[in-house]
Structure formats: structure tokens, C-alpha cells
Amino acid sequence: DLHPALFPHQRALNVRTLAQGKFCNGANTGLGKTLMQLDCCDQLVRETDKPALIIAPLAVSHQTAREAERFSIAARVIAEQSDIDGPGIYITNYQKLPRFNLDDFATICLDEGSAIKNDTGKWSTLIRDLAKDKPFRLSYSATFAPNDFAELGMQSEFLGVMSQKEMLAMFFTHDGHDQKGAWQLKGHAKRVKFWQWLSSWCALVRKPSDIGDYA
């Protein structure tokens, strides 16, 4: 039932996303994250008979709606809770999130999920609170942690896998020379375990061949 326009690597990622229900897709720029997230949300709307909400940056909301129209997937941009009229894919931006309570949604999908990288940031705290009981939580971004692995802890916490504090305590040590010291992975065994753990709920994909025999 996956969308016929998906390339093989996109199908593989969507099968895994839908099988797990809570997943981060870190496919690189140009690998088709928008179609992947639209297809996953479409599948979940049909499975749950409840609406899915894609939360995107302001400049991306209408772009996502245009992509949905291009691939004949029903989705529309909304501004507040009262715009919801039954099961379907709805798109809004981070700035409008306080206008929603999300009670009616089974699926919460973050477009540019790196927006919640800050532990005490406004959107990070609000999204984690609103989504904490949702059975399906998806996050998409090509830049989850370009400068700091610790940012991945926010994605883990959003999904309900492990809190950022637990992740840091288990896998990292802090360079305590100053207040801005960086978090560093612990010894070799811990590094292996960290990547195994990360790969259980997240796919960081530079090119299709990273995840299989794909061109």
C-alpha cells in the first residue's frame, strides 16, 4: 500500500518507520524526506482513522502541501484547532502550535525535527508535553546533530525512547574544563553500544547505499 512514487530506499525507510511507530528519519538533503513523511502520515491516518499533524517551519508548511498535491496525497495547511474536520493530514507551523491541544491526533510528525534540539527551548518543551501520549511520533531532519551528538537526546526524548539526561549519563562524558565543554562519547565499547542504540530508533542516511543495496 506504500505510495508508488517511492524509490526503493524510501520504501525501506517507510516500512521500518511504520513498523516501529516512533522513529527518526535523518535522510540527507535530496533523498525525499517530504514524500516519505507524507506517505507515512497517510498510512497512519488510514490505520487509525484519526488525523495526523505535521509541524513544520513557517516557510515549509505550504511547500509540504504542494508536494502532497503533486503526489495526490490529501493534506492541507491549518492555523488552529477549529480547522480540523475529521481524519486527514494537517500541516501547521511551530509558531501556531499553542493554538492546538492535539487531543484528536494519533500521529505527530516533526518536519525539520532539529527545531527541538534545545532542552529548555519553547518549542522543544511544548512539543514534548503535547506529544508524550501519542502512539505515533515521527521526526524528519537532515541536520539532527551537525555539531553536537547530545542533540540526538532530544529526538530520543520526543519519541519516548530515553530522556536526554539518561542518554548523556549512559553514553557520554563531559569535558569539564569550562561551562561550555563538549559532551564526548565514552570508550570504545560505549561508542559501539551508542551507535547500536541509536540505530534502533533512528536512521542517519547520507546516501541510499548506507542502508542497503540501493543505487
Residue separation between S200 and R76 times 0.36 nm, minus their alpha-carbon distance, gives in nm 41.5 nm
Amide H neighbours of L2 at under 5 Å, excluding residues fewer than 5 places away on the same chain, with H built from the backbone geometry, are none
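Kindly sort R128, R99 by accessible area of their heavy atoms, largest first, with the probe set to 1.4 Å.
On the way: R128 40, R99 130 Å².
Final ranking, largest accessible area leading: R99, R128.
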Pseudo-spin-label distance V15 to T29, built 7 Å along Cα→Cβ, given in nm, is 3.0 nm
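Using a simple charge model, +1 on the beta-carbon of Lys and Arg, -1 on the beta-carbon of Asp and Glu, nothing else, what dipole does the stretch 72-174 show about its Cα centre, in debye to the nearest 20?
On the way: 10 positive and 14 negative charges, 15 e Å.
For the stretch 72-174, the charge dipole is close to 80 debye.
What is the extension gain from A59 to Q95, computed as 0.36 nm multiplied by their sequence separation minus the C-alpha to C-alpha distance, in nm to one decimal? Don't skip to the answer; put the middle values down first.
Working: separation 36, 0.36 × 36 = 12.96 nm, distance 1.13 nm.
Stretched out fully, the A59 to Q95 stretch lengthens by 11.8 nm.
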With +1 on the Cβ of every Lys and Arg and -1 on the Cβ of every Asp and Glu, the dipole magnitude of the stretch 1-70 about its Cα centre, in debye rounded to the nearest 20, is 200 debye
Mean Cβ-within-10 Å packing, highest first, puts peptides 104-112, 59-67 in the order 104-112, 59-67
Kirkwood Rh over alpha-carbon pairs of the stretch 12-101 plugged into Stokes-Einstein at 4 °C, 1.567 mPa s gives a D in µm²/s of 96 µm²/s
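P(r) tail for the stretch 53-114, what percent of Cα pairs lie past 18 Å?
Values: 522 of 1891 pairs.
Of the Cα pairs, 28 percent sit more than 18 Å apart.
For the stretch 52-104, with all protein chains present and a 1.4 Å probe, just round the carbon and sulfur fraction of the accessible area to a whole percent. Each step should come with its number before you reach the end.
On the way: 1230 of 2660 Å².
Ligands and nucleic acids excluded, carbon and sulfur give 46 percent.
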Partner lysines whose C-alpha sits under 21 Å from that of K193, ignoring same-chain residues fewer than 8 away, are K22, K165
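Write down the accessible area per residue of the stretch 55-161 in Å², having rolled a 1.4 Å probe over the full set of protein chains.
Numbers: 4810 Å² over 107 residues.
Ligands and nucleic acids excluded, the figure is 45 Å² per residue.
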What the Cα atoms of the chain span along the principal axes, largest first and in whole Å, is 53, 42, 28
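The values are calculated or read from the model by the stated rules, or taken from the named source; none is laboratory data. Since the model is a prediction, treat every value here as computed from it, not as a measurement. For neighbour counting, all protein chains shown are included, and Cβ atoms are generated from backbone atoms with ideal geometry for every residue, glycine included. Remember, those area values only see protein heavy atoms, side chains included, never the ligands or the DNA or RNA. Shrake-Rupley method; radii C 1.70, N 1.55, O 1.52, S 1.80 Å.
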